[in-house]
Structures are given as structure tokens and as C-alpha cells.
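Participant: Structure incoming, see below.
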Amino acid sequence: MLRNPAGLNDTLLALISTVSVSDTAPTKPAVAVSREILARVDAEIDKLEQLTATEVTAVNCLALVREVEAASGG
């Protein structure tokens, strides 16, 4: 078992490296893998945007309320 298995970033970088060293167009399997990886990247970005829109905003609002309470002595 690997201590640090390849993550999405490593997979994407390996694919870019493999495709960029070729003098020919990417093969059909390379295109298929790149589409799959990019779909996974898009899904992770969507998760991050959702967290930013909900959880991070909620934490920021709570911190602001607590700061206002602390500043007013409440």
C-alpha cells in the first residue's frame, strides 16, 4: 500500500506531462482519460464552490457576530 497514493492533482499532472511530450495528437484513450480526470476536477471545484457559498459564509457570519459581541462587551 502506498503511503501517499496519487491524488487528482498528481494524476492530472502526469496526464499533461504524457500528452505534452508527444509530437502527435493525443490518442483516443488519452482523450478519454483526460475527459474523466477533468470531470473529476470539475466535480471537486463544484464541491469547493458549494462549501464557500454555504459553510465558509456561515463561519464568516458567525465570526463577525462574535467579533461584534466582543467589541461591544456583550
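Coordinate-derived values only; no laboratory data. If you're wondering where the values come from, they're calculated on a predicted model, not measured in any experiment. Here the Cβ positions follow ideal geometry from the backbone for every residue, glycine too, while neighbour counts run over all protein chains shown.
Participant: Percent of Cα-Cα pairs more than 20 Å apart in region 8-72, please.
Facilitator: Working: 1100 of 2080 pairs.
In whole percent, the share of Cα-Cα pairs in region 8-72 beyond 20 Å is 53.
Participant: To the nearest 20 debye, what is the magnitude of the charge dipole of region 8-72 about its Cα centre, counting +1 on the Cβ of each Lys and Arg and -1 on the Cβ of each Asp and Glu? Can you show the working numbers first?
Facilitator: Details: 5 positive and 10 negative charges, 46 e Å.
I would put it at about 220 debye.
Participant: I would also like to ask the following. Which of Leu12, Leu48, Leu64 moves most in a GNM of the chain, Cα contacts under 10 Å?
Facilitator: Maximum fluctuation in the GNM of the chain, among the listed residues, is at Leu64.
Participant: Can I ask one more? Using θ = phi - 60° and the Karplus curve 6.51 cos²θ - 1.76 cosθ + 1.60, what whole-Hz ³J(HN,Hα) does each residue of region 56-66 get, with Gly and Pro shown as x?
Facilitator: 5, 4, 5, 5, 4, 5, 4, 4, 5, 4, 5
Participant: Could you work out [θ]222 nm for the chain from helices alone, using -39500 (n - 2.57) per DSSP H run of at least four and dividing by all its residues? Round to the nearest 500 deg cm²/dmol.
Facilitator: -24000 deg cm²/dmol
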